[in-house]
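Below you'll find the structure, written out as structure tokens, and then a few comments.
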Protein chains: 2
Amino acid sequence: MIVPADSPFGPENLPYGVFSTGGGSPRIGVRVGEQVLDLSVALGDAGFAEPSLNAFMAQGYDRWVDVRGRIQELIAGDVPAEALHAVGEVTLHLPFEVADYVDFYASEHHASNVGRLFRPDAEPLLPNWKHLPVGYHGRAGTVYPSGTDVVRPSGQRKGPDGPAPVFGPSTRLDIEAELGFVVGTGTPANTPVSPDEFPRHVFGAVLLNDWSARDIQAWEYVPLGPNLGKSFATSVSPWVVPILALAEARIPLPGQHDPEPLPYLRESRPWGLDIELAVRWNGQQVARPPYREMYWSPAQMLAHLTVNGASARTGDLYGSGTISGPEPAERGSFLELSWGGRDPLTVNGESRTFLQDGDEVVVEGTATTGSGTKLGFGEVRGRILPAR
Amino acid sequence: MIVPADSPFGPENLPYGVFSTGGGSPRIGVRVGEQVLDLSVALGDAGFAEPSLNAFMAQGYDRWVDVRGRIQELIAGDVPAEALHAVGEVTLHLPFEVADYVDFYASEHHASNVGRLFRPDAEPLLPNWKHLPVGYHGRAGTVYPSGTDVVRPSGQRKGPDGPAPVFGPSTRLDIEAELGFVVGTGTPANTPVSPDEFPRHVFGAVLLNDWSARDIQAWEYVPLGPNLGKSFATSVSPWVVPILALAEARIPLPGQHDPEPLPYLRESRPWGLDIELAVRWNGQQVARPPYREMYWSPAQMLAHLTVNGASARTGDLYGSGTISGPEPAERGSFLELSWGGRDPLTVNGESRTFLQDGDEVVVEGTATTGSGTKLGFGEVRGRILPAR
């Protein structure tokens, strides 16, 4: 089949998703250019007529390599028309069943910005931040596919001067532009995964928007961390870009020299990734968060998650945390872009700090390989509906 | 069948579990006295020949009432021998598949003790504590059935005076004696569950031991809460005591007057529960944590979890948080019982602060109904193995 040479969905990418057509059963497909390859038809393997990637992911690294090779071979020749669907004519679903969901906090620029905003009189980074990838568990049951509307959450909030909290719709609804990593083959209890084993365990990556109600979060989060400020919705993109593809976009990390990480976090060759996101607010681009600036790698995150003996399972999802670069236009949350709401943005001629009802946010992402090839992530999209 | 009148597993209890015999398939049973009733045999319903309670729980409240009535009717007469197994001769399994796991912090005495230990110069309770049931998400994939050994976790810890963190086995391994509540029928997104709807959604309760590595937790937990200090293991008891049974042990809460909870947390009649736990360390009873002293009810916890629009699913598990009463011998963690390690306990003639390799902890629980009947929870048991 013919794929335009400049397509971000060429033979070096081949992200997996779950799609359906005309009300039919969801099944596994691979995006090639502007088409979706129906894998059960193309490979004659009913194992791909499944509504999630989990069973395929659980088959392990050698199988991932094999299937990827067969797809690349197949699309180099003629593909029967019945195995192809225009991407605009299919419905895309949540591509995997989420087991546990963990969100990290791996951008030094983001963590520093948040520190400056919330603790203006203290060091921006807390003492543990450069020693371990700080993270917490989120709600797996509210991870939604791109395009799912987000109803404005209600909850408790309390201003610094209010005598008591009030209940009502969040007035500081925000996004966090992130990458999410999907575990393909887990690890049993008490069998930590070293950073160098990362590509044998993690199947792929998605774009992730960790919707955040800052007012609810600020009141609830001491001492046990975020809960209802985050648990109402997390959106992920429909295409899971294989780590086998992203390996070609591998770059050094910006630096972990002072302090050097403890041995269990050291990588023979770091899993920095040359990926850039773009955030569009009601169609207007407001930020270009650079994933390549992240302090901790996804390989270090999985090593940290399992070093205490915790098992990992097929379908585990972990987010990078908000991706922010050193420049103001590289910040991956509206909290940072509006500096705590103090500096409104002009979006299509309207002033914005946090999200208003009807607003739509689209996060896109592209990886760049060492040879300059672009690998598209597609997008994760969501619109805000009024509180109920 | 004949059940001794003083059995804590009489016809007013009837907890559900999953058991197997002689290497056979796990299936659903109900504990009656010292026997396990094989439900698929006893009721002639293959739907109970399942390895988890989830499908049954998802059938909803009316079905729970119906099946309970039929079991009570059945055991009032003669039960065929092939439907009964001695409890000592069966293997008990994790009774349900855990969807999301959340742990609360609902004991005022526990939260105050922890506050006094960790922040000696400040108010013991943080400002939000009496306004909302503080909680966080834990790791669903590491919830284990009673009897599972716990390998001592390793991780980063840093003393207050150390220049940098060190990596190694936890030296402050602790328990948290809790109750866990199991969601039977969930709620879709944006459909909060009011406290009064609690018994239609929550199927039952188990004993829960939230194993905690205090040194790992202390270093990692700012600002996003506990993660690796808890995620290595959470143990639950094998018998799920129905809320239909526990409704007879309902009592008022100790008091929520100052402040009064916000309307979404108000109960027409509170779901306080007259339950007492016992903690045995290497066979010696070291505490009797009184669940009846808990500040927040489990109905308020579910209302809080869903008020922001988060869905709930069959198999969601939420813990009460450590149960501690006002008296020293009523504290549900060794952190509190040893007052931060300063006041060792004498356990079988040996001095203990935190757990040593080979130590075994058993938590038992009993509810008392309004008419004085005892409803047993059985026990949750775990032994510490050396770090790997």
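Where a number appears in this text, it was derived from the coordinates with a stated rule and is not lab data. All values derive from a computational prediction rather than experimental measurement. We place every Cβ from the backbone using ideal geometry, glycine too, and count neighbours over all the protein chains shown.
Worth pointing out:
- Structural descriptor for the range A:16-92: relative contact order 38 percent, calculated from alpha carbon pairs under 8 angstrom and at least 6 residues apart.
- Dipole of chain A computed with +1 at Lys/Arg Cβ and -1 at Asp/Glu Cβ about the Cα centre; of A:Ser297, A:Ile323, A:Gly135, farthest Cα towards the positive end is A:Gly135.
- Sum of -39500 (n - 2.57) over DSSP H runs of 4+, divided by residues of chain A (222 nm, nearest 500): -4000 deg cm²/dmol
- Shielding score for B:302-309, defined as the mean number of other chain Cβ atoms within 10 Å: 6
- Label point 7 Å beyond Cα along the C-beta direction, distances from A:Arg266 to other copies (nm, shortest first): 6.2
- Using C-alpha pairs below 8 Å separated by at least 6 residues, the relative contact order for chain B is 22 percent.
- Of the residues B:Gly365, B:Tyr105, B:Ser170, the one whose Cα sits farthest toward the positive end of the charge dipole of the range B:101-385, with +1 on the Cβ of Lys and Arg and -1 on the Cβ of Asp and Glu, is B:Ser170.
- Charge dipole of chain A about the Cα centre (unit charges at C-beta), most positive-ward option of A:Pro223, A:Gln285, A:Leu246: A:Pro223
- As a rough footprinting exposure proxy, the listed residues B:Thr366, B:Thr187, A:Thr322 were ranked by other beta carbons within 10 Å of their own, and the order from fewest upward is B:Thr366, B:Thr187, A:Thr322.
- The Cβ shell under 9 Å around A:Ile251 holds other residues with a net charge of +1, Lys and Arg each +1, Asp and Glu each -1.
- Dipole magnitude (debye, nearest 20) for the range B:101-385, charges at Cβ of Lys, Arg, Asp, Glu: 360
- Averaged over the residues of A:123-133, the number of partner chain Cβ atoms lying within 10 Å of the residue Cβ comes to 3.
- Here the protein assembly as shown carries DSSP beta bridges of which approximately 90% are antiparallel, counting only pairs with both residues inside.
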